[in-house]
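Below is one structure, written out as structure tokens, with a few remarks after it.
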Amino acid sequence: MSQSSQFISTRGGAPQAGFADVLLAGLAPDGGLYMPAAWPQFSASQIAAFAGQRYQDVAFAILSRFVGDSFTAAELKEDIEAAYAGFTNPQIAPLSAMTGNRYLLELFHGPTFAFKDIALQILGRLFSRALTRRGGRATIVAATSGDTGSAAIAALGGLPNIEVFVLHPKGRVSEVQRRQMTTSGHANVHNIALEGSFDDAQSIVKGLFAEKEFAGEVGLTAVNSINFVRIAAQSVYYFTATAALGKPATFIVPTGNFGDIFAGEAAERMGLGAVRLVIATNANDIMARALNEGVYEAGAAYHTISPSMDIQVASNFERALFEASGRDAGWTRAAMESFARDKRLVLPPLILSELRSRYDARSSDDEDTLSTINAIAGTSGRVIDPHTAVAVNALRKFGFREEPMVVLSTAHPAKFADAVINATGAPPPMPEELQRVLDLPEQLEILPNNLALIRQFISSRLAG
Ligand SMILES: *Cc1c(COP(=O)(O)O)cnc(C)c1O
């Protein structure tokens, strides 16, 4: 088995694990995040050769370097093909030109019209395969600020031996996002509208995992962006975009939980050779403050028009800290423990300069975001969603450079019709598939921000 098919925890207190264990567990047992023991390497000529290949074949070339003996090549191929069969664009993640050397990398052609489909459609299939092989059953709990929930439901709804519980902050996701989650009609899908913020939902999920006896009994697992398999699957489009452009690019990434942009760092560590990775945040700017001021500190949670980025703690940042520290698990553990205690972490100068050698960060408020949607519609006739607009505005603030500037376009504008109407005065074009969910009956439970009550609700649903 190759070394890169083994995984270690960022906190150093968990035994090495194989790909299937990492896939099924999500979080490492010591509270850390799984990382490959060594990054697989791709040479410049291997990357150049991705140009013109099918997206699915590039995904196979990359993912096959992580799976070890957990899946055969034929199994992995089959799941990758099935994962992308439902995408409405045959290129899966097409690059489209804006003006000059600026591009949008369109990541919203999957079944729920946001980029999370790209990873979750694969993850769900591999997950079900691994679970069936072990004869187990799983209870998946996910906290969502909007898009993860519907993407998880689209990927896992109707699968045997899996129950899915999705917590979203009540009233803080768009109507289309909520309806995409609550209208699936699958008996194994349970939606909870939590009376609290996304961070409250995320703490409840963490709290459920901390209740070891309950977690063990129900086979609790996560598909949140901390699952390494998502990072690996998301690294693929950094390669396809670079290969298509034929030269290194700067990527500007709308950032919440730091999963999508960390997939860029993962690609870098596999040999990508990007120029810069630019973190684009909304008013929930913990990552921009961390990079620009050197202090990683949770602040108040703002409800913005780019709700999938409304978070205060960027869980995957732990991975970047682990790497920036030279993979010092002892330091990473102490840093994350002190952050958990104080909600504040001063980044040591060496770590900060290592992070800055790769990342820049810019934040935008709602006003910037609306005016960006309006400006782009005015100049090009193209309607972009508010998350994409946060990144387009970050690009404007960062400045235009020589190299190709690639903005990750993470959602279809129709998912955020209210923001688009506010910005341009006109509704975005509505794909048929999204129109349909507006008429279906909804199923959801409104519950208070209370760990014990949520646990009881899950137990009673599992028993029934
Ligand atoms: C989840 C999401 C993001 C943020 O991605 P992270 O991996 O959490 O940083 C950005 N845009 C959209 C539309 C999303 O759904």
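The values are calculated or read from the model by the stated rules, or taken from the named source; none is laboratory data. Only a predicted model underlies this, so the values are computations on that prediction, with no experimental measurement involved. So basically every Cβ, Gly included, is an ideal-geometry build from the backbone, and we count neighbours across all protein chains shown. With ligands, DNA and RNA removed, areas are computed over all heavy atoms of the protein, side chains included. Shrake-Rupley method; radii C 1.70, N 1.55, O 1.52, S 1.80 Å.
General observations
- Residue, nearest to the ligand (Cβ to nearest atom), within segment 413-435, restricted to residues that are among the hydrophobic types (A, V, I, L, M, F, W, C) and not in a helix (DSSP H, G or I): M430
- Qualifying residues in segment 122-147 (those that are within 14 Å of the ligand (Cβ to nearest atom) and not aliphatic (A, V, I, L, M)) - the one surrounded by the fewest Cβ atoms within 10 Å (Cβ to Cβ): S145
- Filter result for I226 (open to solvent by 20 Å² or more (accessible area, probe 1.4 Å) and within 14 Å of the ligand (Cβ to nearest atom)): yes
- Subset tally (residues that are touching a residue at least 40 places away in the same chain (Cβ under 8 Å), open to solvent by 70 Å² or more (accessible area, probe 1.4 Å) and either of a type in the set (S, T, Y) or part of a helix (DSSP H, G or I) (or both)) for segment 438-458: 0
- Scanning segment 61-96 for residues that are within 30 Å of L434 (Cβ to Cβ) and part of a loop (DSSP other than H, G, I, E, B) gives G86, F87, T88, N89, P90, Q91, I92, A93, P94.
- Within segment 197-210, residues that are hydroxyl-bearing (S, T, Y) sit with their Cβ atoms under 6 Å from residues that are surrounded by 23 or more Cβ atoms within 10 Å (Cβ to Cβ), at 6+ positions apart or across chains, in these pairs: S197/P169.
- The residues in segment 406-437 that are of a type in the set (K, R) and either open to solvent by 30 Å² or more (accessible area, probe 1.4 Å) or free of Cβ contacts under 8 Å to residues at least 24 places away in the same chain (or both) can be counted, and the count is 1.
- Each residue in segment 265-276 was checked for being closer than 20 Å to R396 by Cβ and in a helix (DSSP H, G or I), and 0 of them qualify.
- Take the conditions (1) more than 16 Å from the ligand (Cβ to nearest atom); (2) on the phi > 0 side of the Ramachandran plot; (3) buried (at least 24 other Cβ atoms within 10 Å of the Cβ); G100 misses just one of them, which is (3).
- Meets criteria (open to solvent by 30 Å² or more (accessible area, probe 1.4 Å), of a type in the set (K, R), modelled with pLDDT under 95 and more than 30 Å from S150 (Cα to Cα)) for R356: no
- Considering segment 47-60, the residues that are touching a residue at least 12 places away in the same chain (Cβ under 8 Å) and assigned to a helix (DSSP H, G or I) include one that is most open to solvent (accessible area, probe 1.4 Å), namely A48.
- If the condition is being part of a helix (DSSP H, G or I) and open to solvent by less than 10 Å² (accessible area, probe 1.4 Å), then segment 366-399 contributes T369, I373, P386, H387, T388, A389, V390, A391, N393, A394, L395.
- For segment 28-46, a tally of residues being crowded, with 22+ Cβ neighbours inside 10 Å and touching a residue at least 60 places away in the same chain (Cβ under 8 Å) returns 5.
- Among the residues of segment 361-390, just one is basic (K, R) and more than 16 Å from the ligand (Cβ to nearest atom), namely R382.
- Odd one out for G246, checked against (1) modelled with pLDDT under 95; (2) at positive phi: (1)
- Qualifying residue in segment 284-302 (condition: among the hydroxyl-bearing types (S, T, Y) and within 13 Å of the ligand (Cβ to nearest atom)): no
- Conditions (1) open to solvent by 10 Å² or more (accessible area, probe 1.4 Å); (2) farther than 20 Å from A280 by Cβ; number of the one not met by S363: (2)
- Taking the criterion of being in contact with a Pro (Cβ under 8 Å, 6 or more places away or on another chain), open to solvent by 20 Å² or more (accessible area, probe 1.4 Å) and not basic (K, R), the only residue of segment 61-86 that qualifies is G86.
- Selected residue (criterion: most open to solvent (accessible area, probe 1.4 Å)) from residues of segment 282-301 that are outside any helix (DSSP H, G or I), touching a strand residue (DSSP E or B) at 6+ places or on another chain (Cβ under 6 Å) and not acidic (D, E): V295
- Unique residue being within 14 Å of the ligand (Cβ to nearest atom), under 21 Å from Y103 (Cα atoms) and not in a helix (DSSP H, G or I) when the list is I305, I311, I279, I261: I279
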